[in-house]
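What follows is calculated from the coordinates using simple rules that are stated; it is not laboratory data. Everything quoted here is computed from the prediction, not taken from an experiment. When we count neighbours, we look across all protein chains shown, and the Cβ atoms used for this are built from the backbone with ideal geometry, even at glycine.
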């Protein structure tokens, strides 16, 4: 065990952050760490927008579902999938790149690149003693978010990340068992094995919620996830991406 692995294994979302700004050096170090992440074919198909304007943070908090930690934190980063600069590169070099940019493959590359960069940023922040919380809620109303952030076509705000000094360290949620996540040589498709693993995990999660809430909650993982998936959300996303010239082919 080393400090890097200890930092990784200690991760948990921190939603109570001090309203104390990060230093310029901290922000730049986190962004530099994000840029050090692997990127498919050197494409670097993401951008990061730091939100320091209090009015914009307040508006983003509203658009994300009135999550106060979007507004109250040390720094709020918005991670964007970005294929805008690649269209400009095609113009500069007089190459036809639009078919590639509009393909599902490059859309996937953009998503993966952005996620890898963001996770590097998260690890860097946590290694500095800061807390982080990913914010998918900015996708609730993406038209408004794009207007607020003045993003061009082919640039999509994918998620936010609140970073700051923790006010409270919460308990760590137990993850799925390794045997359920890690498959060797081929995918395990025995439903009885799968369901048994999930039943065991349900007991762990139910106990976690019961102890954390002092008996007020004891739901299972499968009931929580099935209930969430039953309620369709952000179903406009396919049309939104097409409107922005992405995932067309």
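What the table below lists for this structure:
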{"item": "Within region 36-47, tally of residues that are assigned to a helix (DSSP H, G or I) and either surrounded by 14 or more Cβ atoms within 10 Å (Cβ to Cβ) or under 16 Å from the mean Cα position of the chain (by Cα) (or both)", "result": "1"}
{"item": "Candidate set from region 208-246 (those that are in contact with a helix residue (DSSP H, G or I) (Cβ under 7 Å, 6 or more places away or on another chain) and more than 28 Å from residue 156 (Cβ to Cβ)); member that is surrounded by the most Cβ atoms within 10 Å (Cβ to Cβ)", "result": "221"}
{"item": "Only one of 81, 50 that is outside any helix (DSSP H, G or I) and crowded, with 16+ Cβ neighbours inside 10 Å", "result": "81"}
{"item": "Condition broken by residue 161, with the remaining ones in (1) within 21 Å of residue 64 (Cβ to Cβ); (2) free of Cβ contacts under 8 Å to residues at least 12 places away in the same chain satisfied", "result": "(2)"}
{"item": "Test for residue 10: is it surrounded by fewer than 16 Cβ atoms within 10 Å (Cβ to Cβ) and farther than 30 Å from residue 172 by Cα", "result": "no"}
{"item": "Qualifying residue in region 174-187 (condition: touching a residue at least 12 places away in the same chain (Cβ under 8 Å) and surrounded by fewer than 13 Cβ atoms within 10 Å (Cβ to Cβ))", "result": "yes"}
{"item": "Among (1) closer than 20 Å to residue 11 by Cβ; (2) surrounded by 15 or more Cβ atoms within 10 Å (Cβ to Cβ); (3) out of contact with any helix residue (DSSP H, G or I) (no Cβ under 7 Å at 6 or more places or on another chain), the one test that residue 129 misses", "result": "(2)"}
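Matching residues to (1) farther than 22 Å from residue 81 by Cβ; (2) out of contact with any strand residue (DSSP E or B) (no Cβ under 7 Å at 6 or more places or on another chain):
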position	(1), (2)
7	yes, yes
15	yes, no
27	no, no
31	no, no
35	no, yes
43	no, yes
46	no, no
53	yes, yes
